[in-house]
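Chemist: Quick one: structure below, then a few questions.
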Amino acid sequence: MSLLIHNTGMLVQTREEPVAFVAGRDMSQLPVIEKGWLLIENGIIAGFGPPDNMPSFGSDLTKIDAGGGYLFPAFCDSHTHLIYAGSREKEYTDKIRGLSYEEIAKRGGGILNSAALLHDTSEDDLFSQSMERVREIISFGTGAVEIKSGYGLTTEDELKMLRVIRRIKEETPLTVRSTFLGAHALPAEYRGNRRGYVDLIVDEMIPAIAAENLADYIDVFCDRGFFTVDETERILEAGACHGMLPKIHANELDYSGGIQAGVKHGALSVDHLEFTGDDEIAALAGSGTMPTLLPGAAFFLGMTDPPARKMIDAGLPVAMASDYNPGSSPSGNMKLVMSLGCIRLRMLPEEAINAVTLNSAYAMGLSETHGSITVGKKANLFITKKIPSYEYMPYAYGSNLVETVILNGVVVISRQSAVGHLRHILR
Ligand code: NIG
Ligand code: FE
């Protein structure tokens, strides 16, 4: 099956040669092709180029007229917690009234609140609540997503979450990577017995999850008030024995040592990084660990922003993800994440686009197949409305400019249906 996309305004993030990620100064380089075309064969990008070298194709080809819209590789959202039950807008109000994220957590709110809600929700109900979010992120242009457990905190409920993630992997066109995050918070019944909970994670949860092959990665919330570096290292080592690569939460609340622990254990990424100083930058330099920023979380909680500029200027790569979760970032809108990267973190639009495509693909182990327009990569793409420039994407921060979404070479949301739908409701 072949599909030709033509009459684009621009192809964005075109890489003739595959690159794993871009770092430092290279992050401000964004290759594009004006008014380009792109050919998809059997779900894979088979060719692309400028308009003057478009081959003449036979009539058996399906053609999509992009109408001057821009063609992007679909977003790769390398850090989400989008499996959850209910919502936490009451805590949102508590925060407006002045309580901090940590104070809410200490009162049994926060992650423990979501764990209680999830415990009382059936696997089927959890799946359908999560599918609402999945449909929404696809409509925003996400084509690959990493999803964490961590609202279970018992073996049974962690398995429940991970089975829902597997179902999303099997039943939707998204590319999904799953992460076990049993060490997200200390359950109330283990207060005063931290060792007991870490034992449970190591001796029971990890083997049970590995037996069902439910997790690609392992995560720990390594931060002040959550899990220590020693506990983190023990959990990461146990995960490694079962083939789970680390991807950890680090330095959101303090200089926790999490970044160094992640690098030491060969983490694919360390995420959050609001507290990143010279020592942390030195640890990350030259490592294979992708520093991943979640500007939606700092924005939503009104907390310190990570020093993206300093990191990029020091030569590091940076990825960005949504952190979609009910407590610190109830949004999976990757275009908004780009805007926050530009506005709050002072990243250039080119840097932001690289951070949510190529570098975030790397942060979830997918840079060989996702994150750029490159021959041989999966045809996960979106076409925007007609826009004047790629900078317009982060600039127009409140508009969903994504009109057509193509996943695995198949149109899953089309411009025609979006326009048709609107005509219908406005009539
Ligand atoms: O990435 N920081 C830890 N975990 C999530 C928040 C989870 C929650 O509050 O429900 C995060 O921000
Ligand atoms: Fe998170």
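Each value in this text was obtained by applying a stated rule to the coordinates, not by laboratory testing. Because the structure is a prediction, the values reported are computed rather than measured. Ideal geometry is used to build each Cβ from the backbone, glycine not excepted, and the neighbour counts take in all protein chains shown.
Chemist: Once each part is reduced to its C-alpha centroid, what is the distance from segment 156-210 to segment 45-105 in angstrom?
Modeler: Segment 156-210 and segment 45-105 have Cα centres spaced 26 Å from each other.
Chemist: Hey, another quick one. How would you rank VAL270, VAL32, VAL410, going from fewest to most other Cβ atoms within 10 Å of each one's own Cβ?
Modeler: VAL410, VAL32, VAL270
Chemist: Using a Förster distance of 22 angstrom, determine the FRET efficiency expected from the C-beta separation of SER100 and ASP305, and round it to 0.05. Please report the intermediate quantities before stating the final value.
Modeler: Details: r = 16 Å, r/R0 = 0.74.
The computed FRET efficiency comes out at 0.85.
Chemist: For SER2 paired with GLU171, estimate the spin-label separation in nm (one decimal), with each label point 7 Å from Cα along the Cα-to-Cβ line.
Modeler: 3.6 nm
Chemist: At a Cα cut-off below 18 Å, give the aspartates and glutamates reachable from LYS169, other chains included and same-chain residues fewer than 8 away excluded.
Modeler: Correct list for LYS169: ASP77, GLU123, ASP124, ASP125, GLU132, GLU136, GLU146, GLU158, GLU212, ASP216.
Chemist: Another one. Within segment 1-95, list the chymotrypsin sites (Phe, Trp or Tyr not before Pro) lying in a DSSP loop whose Cβ has at most 15 other Cβ atoms in a 10 Å radius.
Modeler: Answer by residue number: PHE57.
Chemist: Angle check, please: helix 155-171 long axis (alpha carbons) against the longest principal axis of the chain (alpha carbons), in degrees 0 to 90, nearest 10.
Modeler: Here the helix axis deviates by roughly 10 degrees.
Chemist: Same structure, new question: Near LYS63, which lysines are there with a Cα under 19 Å away, not counting those fewer than 8 places off in the same chain?
Modeler: Within the straight-line limit of under 19 Å, LYS63 reaches these lysines: LYS35, LYS378, LYS385, LYS386.
Chemist: Moving on. Spin-label point model (7 Å from Cα, Cβ direction): what's the VAL19 to ALA396 distance in nm?
Modeler: In this crude label model, VAL19 to ALA396 measures out at 2.7 nm.
Chemist: Starting with the fewest neighbours, write out ILE165, ILE104 ranked by other beta-carbon atoms found within 10 Å of each beta-carbon.
Modeler: ILE104, ILE165
Chemist: Taking the alpha-carbon centroid of each part, what is the distance from segment 330-409 to segment 4-24 in angstrom?
Modeler: With segment 330-409 and segment 4-24 each reduced to a Cα centre, they are spaced 11 Å.
Chemist: Continuing with this model, one more query. Say R0 is 30 Å: what FRET efficiency, to the nearest 0.05, do ASP230 and ARG107 get from their beta-carbon distance?
Modeler: 0.70
Chemist: OK, next. Give me the distance in nm between label points sitting 7 Å out from Cα along the Cα-to-Cβ direction at ARG191 and ALA208, one decimal.
Modeler: It works out to 2.4 nm between the two label points.
Chemist: At 0.36 nm per residue, and after removing the present C-alpha to C-alpha distance, how many nm does the segment from ASP199 to VAL410 gain when stretched out fully? Walk me through the numbers on the way to the answer.
Modeler: Values: separation 211, 0.36 × 211 = 75.96 nm, distance 4.52 nm.
Extra length available between ASP199 and VAL410 comes to 71.4 nm.
Chemist: Another question, if that's okay. Check the straight Cα-Cα distances from LYS264 and name the aspartates and glutamates below 15 Å, setting aside those fewer than 8 residues away within the same chain.
Modeler: List returned: ASP219, ASP230, GLU231, GLU233, GLU237, ASP279, GLU280.
Chemist: Please go through segment 162-200 and write out the trypsin sites (Lys or Arg not before Pro) that DSSP classes as loop and that have at most 16 other C-beta atoms within 10 Å.
Modeler: Working: sites: ARG163, ARG166, ARG167, LYS169, ARG177, ARG191, ARG194, ARG195; in loops: ARG191.
Those that pass, being in a loop and sparsely packed, are ARG191.
Chemist: In what order do THR62, THR172, THR404 fall by count of nearby beta-carbon atoms within 10 Å, going from fewest to most? Let's see the in-between values first.
Modeler: Numbers: THR62 11, THR172 16, THR404 24.
With the fewest neighbours first, THR62, THR172, THR404 line up as THR62, THR172, THR404.
Chemist: Expressed in whole Å with the largest first, what are the equivalent ellipsoid semi-axes of the chain derived from the C-alpha gyration tensor as the square root of 5 times each eigenvalue?
Modeler: Equivalent-ellipsoid dimensions as semi-axes: 36, 23, 20 Å.
Chemist: So for the chain, averaging the separation of alpha carbon pairs under 8 Å that are six or more residues apart and normalising by length, what relative contact order in percent results?
Modeler: 21 percent
Chemist: Can you list which of the GluC sites (Glu not before Pro) found in segment 179-263 are DSSP loop residues with at most 14 other C-beta atoms within 10 Å?
Modeler: Passing both the DSSP loop test and the Cβ count: GLU212.
Chemist: Calculated FRET efficiency, ASP65 and GLN29, Cβ-Cβ r, R0 30 Å, to nearest 0.05?
Modeler: Result of the calculation: an efficiency of 0.50.
Chemist: Let me ask something else about it. Rounding to the nearest 10 and keeping the result within 0 to 90°, find how far the Cα-based axis of helix 415-426 lies from the longest principal axis of the chain.
Modeler: Result, in degrees: 80.
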